[in-house]
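Heads up, the thing below is written out as structure tokens.
The values are calculated or read from the model by the stated rules, or taken from the named source; none is laboratory data. All values derive from a computational prediction rather than experimental measurement. Note: ideal-geometry Cβ built from the backbone for every residue, glycine included; neighbour counts use all protein chains shown.
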Amino acid sequence: MASKTISVTEKVYNLLTKMKLAHESYSDTIERLCSNFGAGNLLQWFDNSVGWKDMDPAEFEETEKIIQQFQQNFTPEWRYK
């Protein structure tokens, strides 16, 4: 498998270290976080949440619109630095 070297700030390194599981490499941690916590699967995560199921249809629709707006307008903070 090919590899690339990246630079991260000490703050990001410390965050990754906190998120890293004992058996993982940093690459594994980054892959897990990117795969599991992207905006693209946020609705799926909420669909599987118990608290999500007791919403009435209007409340669900409103929340879904807010999430979709967030996804469309999201710009990571790092893009401005």
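Considered as a group, the residues in region 54-81 that are more than 30 Å from THR9 (Cβ to Cβ) and modelled with pLDDT under 80 include one that is surrounded by the most Cβ atoms within 10 Å (Cβ to Cβ), and that residue is MET55.
Note on region 10-53: residues that are modelled with pLDDT under 80, hydrophobic (A, V, I, L, M, F, W, C) and not in a helix (DSSP H, G or I) amount to 1.
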